[in-house]
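Comments concern the structure below.
The values are calculated or read from the model by the stated rules, or taken from the named source; none is laboratory data. All values derive from a computational prediction rather than experimental measurement. With ideal geometry, Cβ positions are generated from the backbone for all residues, glycine too; neighbour counts draw on all protein chains shown. With ligands, DNA and RNA removed, areas are computed over all heavy atoms of the protein, side chains included. Shrake-Rupley method; radii C 1.70, N 1.55, O 1.52, S 1.80 Å.
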Amino acid sequence: MKKEFFEQVPVIRYEGPKSANPFAFRYYNPDEIIEGKPMREHLRFGLSWWHTMTADGTDMFGRGTMDKSFGGKTAMEKSKNRACAAFEFMNKLSIDWFCYHDRDLAPEGETLAQTNENLDEMADFVADLQKENGQKVLWGTANCFNHPRYMHGASTSPYADVYAYTAAQVKKCMEVTRKLGGENYLFWGGREGYETLLNTDMGLELDHMGRFLRMCRDYGRKIGLGGVFFIEPKPKEPTKHQYDFDTATVFGFLQKYGLLDDFRVNIEANHATLAAHTFQHELATARVDGIFGSIDANQGDLLLGWDTDQFPTNVYDTTLCMREVRKAGGFTVGGLNFDAKARRGSYTPEDIALSYIAGMDAFAFGLRKAIEIEQDGTLDEFVSNRYRSYRETEIGRMIENGTATMEELEAYVLARGEVTDTLESGRQEYLETVLNRILFH
Ligand code: XUL
Ligand code: CO
């Protein structure tokens, strides 16, 4: 008999919107075919190894509240039990993907060589579980922010030895990700940023980061990592100013360092709001710039100024998110990784399942509603109609096709006179009502 780790959690099935069973999906029906493909392929849900399998509720003011040892005594035993528990959990919840940091999978040893040995042992173990169960790696990443050596940054550290260490760690993590069949590889800028310009050479640090990522890309391609490299923007935390501030900043960085062909963004909802943007704004920016890749699904608390990584339940956000994802052509390489954790007080194993159900259902609802919004057509027609003068008037077409000159535009306005008569209402409140009508009928 295989040991069961989440005994309290049954296999979660779709029971429809009317079900009051807490251990059931109301909107996520994994194998329901929508537009020719199963819902699981539209949503590509992922489990975050760090929050789900290792984080124990420790915060700045208190120790852990959750037991994440899964019965293991030694560090390696814990890692192996976590891996078995992870696959059991993913099977029970119909989750097809997972994401990890190198240090979530295996404990660090005394030396890098020992750490790498631990990681290799765990990679073999996880690869076997993948064969048995079928789940795939959405992305892997190296944790270059926890260890004290990274206190001043990793690839942006003022110290060359730390830059070298970062390269050695990322090299290994890429190899492991390749071994596990990882679809993509991610960089979140951990401590790549600064606290004060009084001690920082920002230009030099950015050049180092650009060079570092080029080196990683080249090595990744050399060993056969064929997917996309993601950068995950975040404006602050842990540093006061993170270099990958938001999607627009990352786009500029990728352009400057010649990385646009291989890199895209992984957008996290809570990072968007920390940057004083909506989640939807970040997704739209990525789509418009052609760098939309993947999503870290969570939500923050707008009354708190930090990364709370809550499970997403706000259906406005999930609907508008899925609307953007569809406009971007759907998930072609990425997915919805739940970079989210149950609250410290939600400390039981059932809470982990209930949290995932909440998040998955919120996004499944969002997908269904995003499709309804398209079918209804009111919002899209409104937007299209708002810009019709660029299609329907001579002067508009000249602007649109790029032939209009300053002289011509001046002559046009001198002849036409004041232009305020052409303006119409933006109808924001009406459009918000249309959204509510579709969400809540
Ligand atoms: C930190 C964060 C990370 C990345 C992976 O805010 O979001 O967990 O997603 O390193
Ligand atoms: Co994240």
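Using the structure shown, decide if MET53 is in a helix (DSSP H, G or I), more than 16 Å from ligand 1 (Cβ to nearest atom) and in the same structural domain as TYR347 (by TED's automatic domain parsing). Outline the logic, then answer.
On the way: in a helix (DSSP H, G or I): yes; more than 16 Å from ligand 1 (Cβ to nearest atom): no; in the same structural domain as TYR347 (by TED's automatic domain parsing): yes.
Judged against the criteria, MET53 is not a match.
Just to be sure, is LYS78 open to solvent by 10 Å² or more (accessible area, probe 1.4 Å) and assigned to a helix (DSSP H, G or I)? Show your work before the answer.
Details: open to solvent by 10 Å² or more (accessible area, probe 1.4 Å): yes; assigned to a helix (DSSP H, G or I): yes.
So LYS78 fits the description; yes.
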Does LEU283 satisfy the criteria of being within 16 Å of ligand 2 (Cβ to nearest atom), assigned to a helix (DSSP H, G or I) and within 19 Å of the chain's Cα centre (by Cα)? yes
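Of all residues in segment 223-244, count the ones that are more than 13 Å from ligand 1 (Cβ to nearest atom) and either at pLDDT below 95 or closer than 17 Å to ASP307 by Cβ (or both). Talk me through it step by step, then tell me what you get.
Within segment 223-244, the first condition is being more than 13 Å from ligand 1 (Cβ to nearest atom), and the residues that meet it are 223-229, 240-241, 243.
The next check asks that each one be either at pLDDT below 95 or closer than 17 Å to ASP307 by Cβ (or both); those that pass are 240-241, 243.
Looking only at that region, the number is 3.
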Being open to solvent by 50 Å² or more (accessible area, probe 1.4 Å), outside any helix (DSSP H, G or I) and away from ligand 1 (no atom under 15 Å from the Cβ) is the filter here, so list the residues in segment 301-351 that pass it. LEU302, LEU303, THR313, ASN314, GLY329, THR332, ARG343, ARG344, GLY345, TYR347
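Hey, among the residues in segment 258-282 that are away from ligand 1 (no atom under 16 Å from the Cβ) and over 23 Å from ARG214 (Cα atoms), which one's surrounded by the fewest Cβ atoms within 10 Å (Cβ to Cβ)?
Of segment 258-282, the ones away from ligand 1 (no atom under 16 Å from the Cβ) are 258-262, 276, 278, 280-281.
Next cut, over 23 Å from ARG214 (Cα atoms) only: 276, 278, 280-281.
Details: ALA276: 9, THR278: 16, GLN280: 17, HIS281: 19.
Looking at residues that are away from ligand 1 (no atom under 16 Å from the Cβ) and over 23 Å from ARG214 (Cα atoms), I get ALA276.
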Given the condition more than 15 Å from ligand 2 (Cβ to nearest atom), open to solvent by less than 30 Å² (accessible area, probe 1.4 Å) and in contact with a Pro (Cβ under 9 Å, 6 or more places away or on another chain), answer yes or no: does some residue in segment 142-152 qualify? no
Selection within segment 128-182 - without any contact (Cβ under 8 Å) to a residue 24 or more places away in the chain and either assigned to a helix (DSSP H, G or I) or under 19 Å from ARG217 (Cβ atoms) (or both): ASP128, LYS131, PRO148, ARG149, ALA160, ASP161, VAL162, ALA164
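Quick grid of which residues meet (1) among the basic types (Lys, Arg); (2) at pLDDT below 95; (3) touching a Gly at 6+ places or on another chain (Cβ under 6 Å); (4) within 25 Å of GLY226 (Cβ to Cβ):
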site	(1), (2), (3), (4)
ARG63	yes, no, no, no
SER79	no, no, no, no
LEU105	no, no, no, yes
ALA123	no, no, no, yes
ASN143	no, no, no, yes
Take the residues in segment 218-236 that are in contact with a His (Cβ under 9 Å, 6 or more places away or on another chain) and in a loop (DSSP other than H, G, I, E, B), then tell me which one is nearest to ligand 2 (Cβ to nearest atom). LYS234
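Return a yes/no flag: does segment 11-34 have any residue that is within 16 Å of ligand 2 (Cβ to nearest atom) and surrounded by 15 or more Cβ atoms within 10 Å (Cβ to Cβ). Steps first, please.
First, pick out the residues of segment 11-34 that are within 16 Å of ligand 2 (Cβ to nearest atom): none.
The answer is no, given that none of the residues of segment 11-34 is within 16 Å of ligand 2 (Cβ to nearest atom) and surrounded by 15 or more Cβ atoms within 10 Å (Cβ to Cβ).
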Return the only residue of SER69, SER48 being among the polar types (S, T, N, Q), surrounded by fewer than 21 Cβ atoms within 10 Å (Cβ to Cβ) and under 29 Å from GLY345 (Cβ atoms). SER69
Some residue of segment 197-213 being closer than 30 Å to LYS80 by Cα and over 22 Å from the mean Cα position of the chain (by Cα): no
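Output yes when any residue across segment 64-73 is at negative phi, in a helix (DSSP H, G or I) and not basic (Lys, Arg), and no when none is. First the steps, then the outcome.
Step one: of segment 64-73, the residues at negative phi are 64-69, 72-73.
Cutting the leftovers down to in a helix (DSSP H, G or I) gives us none.
No.
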Report yes if THR247 is open to solvent by less than 50 Å² (accessible area, probe 1.4 Å), farther than 17 Å from LEU336 by Cα, in contact with a Ser or Thr (Cβ under 6 Å, 6 or more places away or on another chain) and within 16 Å of ligand 1 (Cβ to nearest atom), otherwise no. yes
